[in-house]
Amino acid sequence: MRVPFVEDTGLRALQFIEELGKTALFMGGILRSLVLPPVRVRRFVNELYDIGVLSLLLVGGSGIAVGMVLGLQGYNTLVRFGAEQSLGAVVGLAVIRELGPVLTGLLVTGRAGSAMAAEIGSMVTNEQLDGLRMMAIDPMHLVVTPKMVAMTAVMPLLSAIFTCASIFGGWLVGVQLLGLDGGVYLSSLEDAVDFNDDVLGSLLKAVVFGALVGLIATFRGYHARRSAAGVSAATTSTVVVSSVAILIVDYFITALWGV
Amino acid sequence: MSDASSSEAHVVLREVSLAFGRRRVFDGLSCSFPRGAISVILGGSGAGKSTVLRLIGRLQRPDRGEIFVAGQEITRLSDRRVNEVRGRLGMMFQGGALLDSLSVFENVALPLREREHRGDVAQEVRRRLEAVGLPDAGPLLPSQLSGGMVKRVALARALVGDPEIVLCDEPFSGLDPVNVRRVEALLERLARDLGITLIVTSHHIASSRRMAEQIVFLQDGRAVVGTPAELEASPDRRIGDFFRADGEGPFTLPEGAAA
């Protein structure tokens, strides 16, 4: 007797296991490409520009906006307890430990991760990756790995910029708008933030998120179906899966390592 | 009509079977492609013409059967060994498969640079672009080329490694009659001058009649092989109709097709 629910569940489980296997093989391919010559410096720099430089305005602007909101909300809350002098610490710790890497990860996923998946997916559809294979060129080596490495490298830098911009945004609201003393804002920030625990931890998170977004975007693009709908699906799933993965992994990094 | 096992065969497919899901594309397909000859693969839409080229380039593995390229059985080769075989192949894809981000010059130079070509890369690229009648196209991007120019650049790229076998997937599709004749003459001249084995898929009956020394007609997952004249006179009505459908001879539409 056929039970559709059981069949569906079994099929989904098998698909999930197959996907895990494909992801592991894909990661293996990237690691293999990393150690095999030639070193593709030019492509890596191009990717750094595409992902990093072209995201600067978005990340910087968003950082300032987030910092301003945090400054406003933080001040209004702290002033009730007479603790508005701690505004620098509140804004600083919130963006350094959590919001900086997480929001940068989400922003970069939307801007560069989706573009990366769409570009590779289009290359699949237009047979460009097959064209490379026929020239005995490994697409993992030429196309995928530089993008993946650049995403991993650029995420902590963008996260640092987002964090600095947020602290500046909090300063704008707290000091320039609401009249808090600038020295108090900065000294509370300096007293509260520990470089090893907070700043390095934040950068570690950003590196993990960068690797995660890079892996998901390149994997989804590389395995896109050969059609416009396939590219669209790869792009959408990159944004959805990367965003959810960032939030889940952020919880585990925080819970396990206290970062 | 000829047998699949010619002693002069440069490429041989023997008892090849392939299915995509439930759709069986080939069911014991056997055919061979003579060394130094122009062979055209014909067949209706979905007959598997492009898939034959993908099998020869090992972009696709068969479910069963053997494929010999220059005497080497390729279906079970490692990736590294396959790349050695691909070094003897050139492939012109239907859409060109040129990398959008690279200029025409860089596209044609890519396989040479990747193989660390010892000669003058620029001179070799210029020679190939001149051979396809595009000596000044080097600085252009693929997006700036017409359909015919894309095909010719793709052919130039397929020829840069001095391949023994060139696979051309639908070289005449989407071209106006003048460009069809231009590409056709180019292929014939290159095959004659360079002595390469040319395997072309096409829907273009007139070109196939003019240039093919052998036609491989795909039908029901198998191949019928012969000269253009032999196939045109085939007692199999479907083959005869395929040739007549493009001309002015007597032709009967299949039942229901005229609705």
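Quick look at the values:
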{"read-out": "Proximal charge balance of B:Leu77 [Cβ under 14 Å; K/R count +1, D/E count -1]", "value": "+4"}
{"read-out": "Vicinal HN-Hα couplings computed from phi for the stretch B:73-82 (Karplus, 6.51 cos²θ - 1.76 cosθ + 1.60; Hz; Gly/Pro x)", "value": "6, 9, 5, 10, 6, 5, 4, 5, 5, 4"}
{"read-out": "Within a Gaussian network of chain B (alpha carbon springs, distance under 10 Å), most fluctuating of B:Arg23, B:Arg126, B:Arg182", "value": "B:Arg23"}
{"read-out": "At 0.692 mPa s and 37 °C, Stokes diffusion of the protein assembly as shown via Kirkwood alpha-carbon radius, µm² per second", "value": "124"}
{"read-out": "Set of aspartates and glutamates near A:Lys147 by C-alpha distance (under 13 Å), chain-local residues within fewer than 8 positions excluded", "value": "A:Glu47, A:Asp50, A:Glu119"}
{"read-out": "Full-extension gain in nm, B:Glu188 to B:Arg244, via 0.36 nm per residue minus C-alpha separation", "value": "17.8 nm"}
{"read-out": "Inter-probe distance in nm under a simple model that places probes 7 Å from Cα toward Cβ, at B:Arg181 and A:Leu25", "value": "4.9"}
{"read-out": "Stretch gain in nm, segment B:Arg80-B:Glu116, where the contour uses 0.36 nm per residue and the Cα spacing is subtracted", "value": "11.3 nm"}
{"read-out": "Computed FRET value (nearest 0.05) for A:Leu256 with B:Leu102, which takes r as the C-beta separation and R₀ as 45 Å", "value": "0.55"}
{"read-out": "Span-rule helices in chain A, defined as complete DSSP H runs reaching 18 Å or more along the axis (Cα) with Kyte mean at least 1.0", "value": "A:56-78, A:145-171, A:201-222, A:228-257"}
{"read-out": "Rg/Rh ratio calculated on Cα atoms of chain B (Kirkwood radius)", "value": "0.97"}
{"read-out": "Global form of the stretch B:116-198, assessed from the alpha-carbon gyration tensor, a/c cut-off 1.5", "value": "oblate"}
{"read-out": "Peptide-level mean, for B:93-102, of C-beta atoms on other protein chains within 10 Å", "value": "5"}
{"read-out": "Relative contact order (percent, whole number), chain A, Cα cutoff 8 Å, 6+ residue spacing", "value": "31"}
{"read-out": "Partner chain coverage, peptide B:107-119 - average Cβ within 10 angstrom", "value": "2"}
{"read-out": "5 angstrom amide H check on A:Met135, placed H, neighbours 5+ away", "value": "none"}
{"read-out": "From phi via Karplus (6.51, -1.76, 1.60), per-residue ³J(HN,Hα) for the stretch B:13-30 in Hz, x at Gly/Pro", "value": "10, 10, 6, 7, 10, 8, 10, 9, x, 8, 8, 8, 8, 10, 9, x, 6, 10"}
{"read-out": "Rg/Rg_ref, the stretch B:96-147, where Rg_ref = 2.2 N^0.38 Å and atoms are Cα", "value": "1.09"}
{"read-out": "Vicinal HN-Hα couplings computed from phi for the stretch B:189-204 (Karplus, 6.51 cos²θ - 1.76 cosθ + 1.60; Hz; Gly/Pro x)", "value": "5, 5, 4, 5, 5, 9, x, 8, 8, 10, 10, 10, 9, 7, 9, 8"}
{"read-out": "Under-5 Å amide H pairs with A:Leu180, H placed in peptide plane, nonlocal only", "value": "A:Val175"}
{"read-out": "Rounded FRET efficiency, nearest 0.05, which uses the C-beta distance separating A:Glu7 from B:Arg210 and R0 of 45 Å", "value": "0.25"}
{"read-out": "Most mobile of A:Ala150, A:Ala136, A:Ala224 in a GNM of chain A (Cα contacts under 10 Å)", "value": "A:Ala136"}
{"read-out": "5 angstrom amide H check on B:Gly90, placed H, neighbours 5+ away", "value": "B:Ile165, B:Val166, B:Leu167"}
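FYI, it's all coordinate maths here, none of it is from the lab. Model, not experiment: these values are computed from the prediction. Glycine also receives a Cβ, built like all others from the backbone with ideal geometry; neighbour counts cover every protein chain displayed.
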